[in-house]
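This report concerns only the one structure given below.
The values are calculated or read from the model by the stated rules, or taken from the named source; none is laboratory data. Only a predicted model underlies this, so the values are computations on that prediction, with no experimental measurement involved. We place every Cβ from the backbone using ideal geometry, glycine too, and count neighbours over all the protein chains shown. For accessibility, only protein heavy atoms count, side chains too; no ligands or nucleic acids. Shrake-Rupley method; radii C 1.70, N 1.55, O 1.52, S 1.80 Å.
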Amino acid sequence: MKIGEKIKELRLEKNLSQMQLAKQIGTSQKAIDYWERSVNEPKASYIIALVRFFDVSFDEFFENIE
């Protein structure tokens, strides 16, 4: 699994749109779209924001990431 797939999985578990997630972590909907499609990966500061927002540990977030 890639980081983008994990982000999408966590986002869908919370029934959030890309725009809703973007607002929660302070980025754009386009950035979320790029991450989920593996066009690029989030910076460390956004990974921290995602981990906090989804209330998962770093180990959980990176579990099964290639």
Where Val56, Val51, Val39 fall by accessible area, highest first, once all protein chains stay in place (1.4 Å): Val39, Val56, Val51
For the chain: accessible area per residue (Å², 1.4 Å): 65
Accessible-area value, Ser28, 1.4 Å probe, nucleic acids and ligands omitted, Å²: 60
Helix-only mean residue ellipticity at 222 nm for the chain, each DSSP H run of n ≥ 4 adding -39500 (n - 2.57), per residue, nearest 500: -18000 deg cm²/dmol
Distance in nm between pseudo-label sites at Asn40 and Met19 (7 Å out along the Cβ direction from Cα): 2.3
Accessible-area order (highest first, 1.4 angstrom probe) of the listed residues Glu66, Glu41, Glu60, Glu36: Glu66, Glu41, Glu60, Glu36
The chain - percent relative contact order, Cα under 8 Å, separation 6 or more: 43
Förster radius 25 Å - calculated FRET efficiency between Asp33 and Phe62, Cβ distance, rounded to 0.05: 0.75
Three-way shape call for the chain based on the alpha-carbon gyration tensor, with the a/c threshold at 1.5: rounded
Accessible surface of the chain [probe 1.4 Å, protein heavy atoms]: carbon and sulfur percent: 46
